[in-house]
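The values are calculated or read from the model by the stated rules, or taken from the named source; none is laboratory data. Since this is a predicted model, take the numbers as computed values, not measurements. Heads up, the Cβs are rebuilt from the backbone with ideal geometry, glycines too, and the neighbour counts pull from every protein chain shown. Accessible surface areas use protein heavy atoms only, side chains included; no ligands, DNA or RNA. Shrake-Rupley method; radii C 1.70, N 1.55, O 1.52, S 1.80 Å.
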Amino acid sequence: QVQFVESGGGLVQPGGSLGLSCAASGSISSIYAMGWYRQAPGKQRELVAQIIGAIITIYPDSVKGRFTISKDIAKNTMYLQMNSLKSEDTAVYYCNLVPPRTDYWGNGTLVTVSS
């Protein structure tokens with residue numbers, strides 16, 4: 001079983017940038033697909049970025065061109081670089097497999113986009 005610990009959240013102004021990290025307790029080298037999810041207040045959790053294998057990345061239209069997912073297998077860490085942030089990006093961000101495993105959810109990291 002792998003545990004994920006998300007970090008890097010914080011308060012940022014609209015148009016700003018933020019980088020998130022997801023540290024895994026074990027090796028991620030054999031994981032086929034991983035992703036970043038977010039849950040805004042009063043809304044369902046949604047997948048905002050996924051990485052398949054080493055280089056295939058998929059994004060929904062809402063973040064395409066602004067978010068970049070990557071991973072470093074040697075460090076067992078996945079990243080999410082977020083640029084041109086908008087108020088609607090405000091949410092708690094989580095990492096997990098794609099599709100997610102219930103027992104792999106961490107505490108997430110809060111991102112607040114506000115002036």
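Based on protein heavy atoms only, the chain ends up with 53 Å² per residue of surface accessible to a 1.4 Å probe.
For the chain, carbon and sulfur atoms together expose 51% of the accessible surface, with a 1.4 angstrom probe and every protein chain in place.
Residues in segment 31-42 carry Karplus couplings, in order, of 7, 6, 9, 10, x, 9, 10, 9, 9, 8, x, x Hz; the curve used is 6.51 cos²θ - 1.76 cosθ + 1.60 with θ = phi - 60°, and Gly or Pro positions show x.
The gain in end-to-end length when the S84 to S29 segment is fully stretched comes to 16.8 nm, 0.36 nm per residue minus the alpha carbon separation. Around the Cα centre of the chain, unit charges on the Cβ atoms of Lys, Arg, Asp and Glu (plus for the first two, minus for the last two) sum to a dipole of about 60 debye.
Ranked by the mean number of other Cβ atoms within 10 Å per residue, highest first, peptides 52-59, 89-96, 101-108 order as 89-96, 101-108, 52-59.
For segment 74-79, putting each phi into the Karplus relation 6.51 cos²θ - 1.76 cosθ + 1.60 with θ = phi - 60° gives couplings of 4, 9, 6, 9, 10, 10 Hz, in residue order, rounded to whole numbers and with x for Gly and Pro.
Kirkwood analysis of the Cα pair distances in the chain returns a hydrodynamic radius of 14.0 Å. Between S70 and S114, what is the FRET efficiency for a Förster distance of 22 Å, r being their Cβ-Cβ separation, to the nearest 0.05? For S70 and S114, the calculated efficiency is 0.25.
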